[in-house]
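Accompanying notes for the structure given below.
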Amino acid sequence: MSSVKIIQKHSRNRHRERHRGEYEIINEILKTVSSFHISSNPNRNKCKSIDIVYGCCLTWHQFQVYRNHLLGLNLLGSMKIDGNLFYEITEKGLEYLRLFSKLQAEMEPITDLPSTRPE
């Protein structure tokens with residue numbers, strides 16, 4: 001599949017999806033990075049910036065803001081290899097994923113919101 005079709009596919013899907021909150025975006029970033037961390041391919045177990053941007057449907061600016069925040073909280077670690085910057089999830093980041101998953105499992109989706117329109 002060409003990169004243009006992939007981008008079009010992602011942009012079409014984003015318009016149908018509800019807006020994500022900050023914690024959901026953080027969760028997606030950490031899940032994306034952790035999927036590279038457990039990769040069976042030893043040559044590809046580090047995550048690049050572009051993997052996060054495309055994997056989480058982020059703009060470059062959004063990526064930079066969240067990356068800096070996650071690095072500052074020690075949820076992600078970074079390293080430079082052969083001039084390229086890579087990211088790894090930390091133990092603290094893995095704990096965040098466990099807790100977030102547990103919270104999601106406990107929460108039930110709200111399906112019947114009361115109408116806020118005056119009748």
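The values are calculated or read from the model by the stated rules, or taken from the named source; none is laboratory data. None of these values were measured; they are calculated from a predicted model. Note: ideal-geometry Cβ built from the backbone for every residue, glycine included; neighbour counts use all protein chains shown.
Here are the numbers for this structure:
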read-out: Residue match in region 5-23 (condition: at pLDDT 95 or above and either charged (D, E, K, R) or part of a helix (DSSP H, G or I) (or both)); value: no
read-out: So K80, is it surrounded by 12 or more Cβ atoms within 10 Å (Cβ to Cβ) and of a type in the set (D, E, K, R); value: no
read-out: Among residues of region 66-119, those that are modelled with pLDDT under 95 and on the phi > 0 side of the Ramachandran plot, counted; value: 2
read-out: The one condition in (1) free of Cβ contacts under 8 Å to residues at least 12 places away in the same chain; (2) assigned to a helix (DSSP H, G or I); (3) touching a strand residue (DSSP E or B) at 6+ places or on another chain (Cβ under 6 Å) that L70 fails to fulfil; value: (1)
